[in-house]
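Taking it in order: structure first as structure tokens, then the write-up.
The values are calculated or read from the model by the stated rules, or taken from the named source; none is laboratory data. None of the values given here were measured: they were computed from a predicted structure. As a convention, Cβ positions derive from the backbone with ideal geometry for all residues, glycine included, and neighbour counts pool all protein chains shown.
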């Protein structure tokens, strides 16, 4: 079963009873336990929970960079045991090549995959335009602001046409204003592409603004405490009474775990 044969809104990623145990010398630390989650094609899911609860571990297992101790993760019926072109990753620290231009950074994955030069350039330029960096194709990465670098990271993940994009606090290092701009940009990109996105954040506001569902995790060992379905169409009004009430309720639940969260 290929990703193309799965319709939008159908079960796509199945995380089945995952357990992750880290062993060091004679001690064992259970990071994730009894973790079950099914994600539909075209959904944006946020994971939110205490620092150190294992959100990044879950993302790395879906990316194929870590193996679960028990349980399975499948995408379109295929088990994730190693990294693959069907998944793109956007990190908080950008992970770009500072000596290369914007275009050359976006082309990198296609270069490795042996995509012909003309096609590489055409696809790179299309996605650079999509993230609003058309005037900066030839700029070097070190010349860009944090928000612009993050757009390059998103373009680089999108350009390879992955079925799933894994985003690990991609806007966490940005100032509040740039962060809001990037969130709006991501909503616009979502409308133009059909990717399934798993998004890690510490911000309840960000999770509610972007997501179809918000998955709230417990302290380590990480389990799912609650899954909140977001009933509103995008774009959303952060100042609206329903948005404010739901944000307050989730923050109160999280604070019961004795955790500080961003509003």
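Looking only at residues of the range 75-95 that are part of a loop (DSSP other than H, G, I, E, B) and over 24 Å from residue 169 (Cα atoms), we find that the one that is farthest from the chain's Cα centre (by Cα) is 77. Residues in the range 177-224 that are touching a helix residue (DSSP H, G or I) at 6+ places or on another chain (Cβ under 6 Å) and surrounded by fewer than 17 Cβ atoms within 10 Å (Cβ to Cβ): 178 alone. Taken over the range 23-60, the criterion of being surrounded by 13 or more Cβ atoms within 10 Å (Cβ to Cβ) and without any contact (Cβ under 8 Å) to a residue 12 or more places away in the chain is satisfied by 60 alone.
Test residue 98 against the criterion of being surrounded by fewer than 13 Cβ atoms within 10 Å (Cβ to Cβ), touching a strand residue (DSSP E or B) at 6+ places or on another chain (Cβ under 8 Å), part of a loop (DSSP other than H, G, I, E, B) and in contact (Cβ under 8 Å) with a residue 40 or more places away in the chain, and give yes or no.
Values: surrounded by fewer than 13 Cβ atoms within 10 Å (Cβ to Cβ): yes; touching a strand residue (DSSP E or B) at 6+ places or on another chain (Cβ under 8 Å): yes; part of a loop (DSSP other than H, G, I, E, B): yes; in contact (Cβ under 8 Å) with a residue 40 or more places away in the chain: yes.
Yes; evaluated as a whole, the condition is true for this residue.
Can you find a residue that is under 27 Å from residue 219 (Cα atoms), part of a helix (DSSP H, G or I) and touching a strand residue (DSSP E or B) at 6+ places or on another chain (Cβ under 6 Å) anywhere in the range 21-44? The answer is no; no qualifying residue exists.
Just to be sure, is residue 108 modelled with pLDDT of 90 or more and surrounded by 15 or more Cβ atoms within 10 Å (Cβ to Cβ)? Taking the combined requirement at face value, the residue satisfies it.
Does residue 11 meet the test of being on the phi > 0 side of the Ramachandran plot and modelled with pLDDT under 95? So that I can check it myself, show each step before the final result.
On the way: on the phi > 0 side of the Ramachandran plot: no; modelled with pLDDT under 95: yes.
Taking the combined requirement at face value, the residue does not satisfy it.
Applying the criterion of at least 2 residues that are touching a residue at least 24 places away in the same chain (Cβ under 8 Å), closer than 30 Å to residue 61 by Cβ and out of contact with any strand residue (DSSP E or B) (no Cβ under 8 Å at 6 or more places or on another chain) to the helices (runs of 4 or more DSSP H) found wholly in the range 123-222 leaves 146-159, 176-192. Scanning the range 68-81 for residues that are farther than 20 Å from residue 195 by Cα and loosely packed, with under 13 Cβ neighbours inside 10 Å yields a single hit, 81.
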